[in-house]
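Written below as structure tokens is the structure these notes are about.
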């Protein structure tokens, strides 16, 4: 069709630049192409990413899928001008959700929406997703990058991640169902807030006229460093344990904190009792509790308090499991036990 | 832990209401529970949704996954106060992406992020996702609802969808690769703008001082009705054809319009020639072109022009395929042909 009228791009004038989007897609392909390709069929650019099941050897395989965002951690990244860690947060968060269910990850997809496609920011975001995928050994199978003026501020954006993993059916049936009174709860250390509680944390920290570039009061680094610490992946520590008969269940301490997550894998009639004095929360959490005048029981509903993942294990085998976790870089602490009852109680 | 200090919820004061979120989750479970459950293992509330592969009978199965949003169609829904159709848009969009790749859908997950959790709006959004899943016969396997003040306006939100389907490997290898010069392009009718071009369309329509509640100039209904028409699912028309040897390839006319999508399934050396006079675009598209003073070649890069899905078919079998589509409710029109060359050209 001949271009007979306005030679300028009406769509660009309306705030959407398709040519820039095309150039961006080419760069994107290179980044995505540098993630693991086991199982991937075909290249980037189809209407969907393709992943062959031929390499999936699990017996009676069940796909496990999860989606998540990083919450208002995006605002911290924007304020700090660091955009290459959020993707790692999100991949690790999704991987941990799968592990808690008993699955190993197969592939990941990302959704990025922004007010205006700032190529450098968007590429940094995708680099983060790709880095997260590499760290967990999975392909970045696809994604969507949407330019949505009027929904997001010009330099505003949001991210969502989607993950698919696989588990043998028998393992899914066993994990959680086998937790019984007397089982020990082992807590694995978090790297910081992970991806939850940022709305409250930002409010507390910024309330005192603090800047994100200020140093934290307890030592090295800035508030930006502390708040952007990457959500930890527990793949190396937990994956080798998933078929260990001593592992009875898992919980990922994410939105809703301990109360919202520790009871999720448990069957009716089984509750959990945690000891608040079993570990000392890192200084960031103590700061938030004190400066924000936040009640202790709210702290544990909102924040992970330094424990990002929990394992329910056979009491006799707890030392062995704890040792295995420590060897994998995640020193485990006994923080409580499963009990007859319902829900989460604190001693 | 005893509640020793501030009995009010600091998190709620910061703009996030966890109790409301818990009540919302209960209602959510009921909506999600009313979507098809074939393949679903376990209930709502785990760290990930579980889908058994036992029912997948495809030979050498390949998972196909895709993610998308509805763009600034969210702003039209907000302005119109109708929130129960966007979910259907997104499920259908994702289903059509899978079909274009040659896959049938297995399950869907949704991501909803808003400035403030308005329960009625959020439930309407999820009802839309559930309705879309029912229409396409798949479970709503999971989702995330995030409250993100400061990222979104109080009544602002964004949606992302994630779909996983399956195809036999041989079909994936065949579709696209077998398109050759002389193949006919059949176009299937869209229901409206589907989910693309909304930033430009809104600008054009609202520029003249029009309100979304005004009637459209060409007859029945308001601008809101025209703009919120649900993205069509081509499942009923296209799924039965995916193993028809006369079907050589598919394209979903989505972001990037004809130029961005028609060539996607083609191998190097094969292009496509389309005839602009082969069909009359619905009045909405003619209105946007005229009122927006948009060049014809930009129109076909941004909008679907009334054709939402294209099939590349063997010329001799085109009448039979067209007939089958019409019988399935999607009357097909011959809009062009595959040619020796590259990319999309218009006659």
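Read-outs: derived from the displayed coordinates by stated rules, not from any lab. These figures come from a predicted structure and were not determined experimentally. With ideal geometry, Cβ positions are generated from the backbone for all residues, glycine too; neighbour counts draw on all protein chains shown.
Could you list log10 I(q)/I(0) for the range B:213-299 at q = 0.16 Å⁻¹, which the Debye formula gives when each Cα is one point scatterer? Calculated log10 I(q)/I(0) at the listed q: -0.91. Taking chain A as a Gaussian network of alpha-carbon nodes connected by springs under 10 Å, the highest mean-square fluctuation of the residues A:322, A:21, A:229 belongs to A:21.
Placing a label point 7 Å from Cα along the Cα-to-Cβ axis, residue B:319 is separated from the same position in the other copies by 8.4 nm, shortest listed first.
To the nearest ten degrees, helix A:119-135 and the longest principal axis of the Cα atoms of chain A are 40 degrees apart. The smallest convex shape that holds all Cα atoms of chain B, its convex hull, gives 154 Å³ per residue. Shown is the FRET efficiency for residue B:243 and residue A:327, computed with R0 = 41 Å from the Cβ-Cβ distance and rounded to the nearest 0.05: 0.20. Between the range B:270-347 and the range B:242-262, the C-alpha centres lie 11 angstrom from each other.
To the nearest ten degrees, helix A:198-207 and the longest principal axis of the Cα atoms of chain A are 80 degrees apart.
Against the main long axis of the alpha-carbon atoms of chain B, helix B:18-33 sits at an angle near 40°. Label separation (residue B:236 vs residue B:34): 2.1 nm, computed from points 7 Å beyond Cα along the C-beta direction.
With both labels modelled 7 Å from their Cα along Cα-to-Cβ, the residue B:278 to residue B:339 distance reads 1.2 nm.
With N counted as the residues of the protein assembly as shown, its alpha-carbon radius of gyration over 2.2 N^0.38 Å works out to 0.97. The helix-only estimate of mean residue ellipticity at 222 nm for chain A, built from DSSP H runs of length n ≥ 4 each weighted as -39500 (n - 2.57), is -9500 deg cm²/dmol after division by the residue total. Each residue, residue A:290 and residue B:291, gets one label point 7 Å from its Cα in the Cβ direction; the gap between the two is 6.1 nm. Here is how far apart the residue A:213 label points are across copies: 4.8 nm, shortest first, using a point 7 Å from Cα toward Cβ.
Dividing the alpha-carbon radius of gyration of the range A:18-169 by 2.2 N^0.38 Å (N being the number of residues), what value is obtained? Please list the in-between numbers first.
Working: Rg = 15.5 Å, N = 152, 2.2 N^0.38 = 14.8 Å.
So the Cα radius of gyration is 1.04 times the expected 2.2 N^0.38 Å.
Which one, A:268, A:331, A:105, has the greatest fluctuation when you compute a Gaussian network model over chain A with C-alpha springs under 10 angstrom? Comparing A:268, A:331, A:105 in a Gaussian network model of chain A, the most mobile one is A:268. In the range A:184-346, the inverse of the mean reciprocal separation of distinct Cα atoms equals 16.4 Å; this is its Kirkwood hydrodynamic radius. Stretching the chain fully between residue B:316 and residue B:57 yields a gain of 90.1 nm (0.36 nm per residue, less the alpha carbon separation). With springs only between Cα atoms under 10 Å, which of B:158, B:84, B:60 fluctuates most in a Gaussian network model of chain B? The residue with the greatest mean-square fluctuation here is B:60.
In nanometers and ordered shortest first, the copy-to-copy spacing of the residue A:36 label point, defined 7 Å from Cα toward Cβ, is 3.2.
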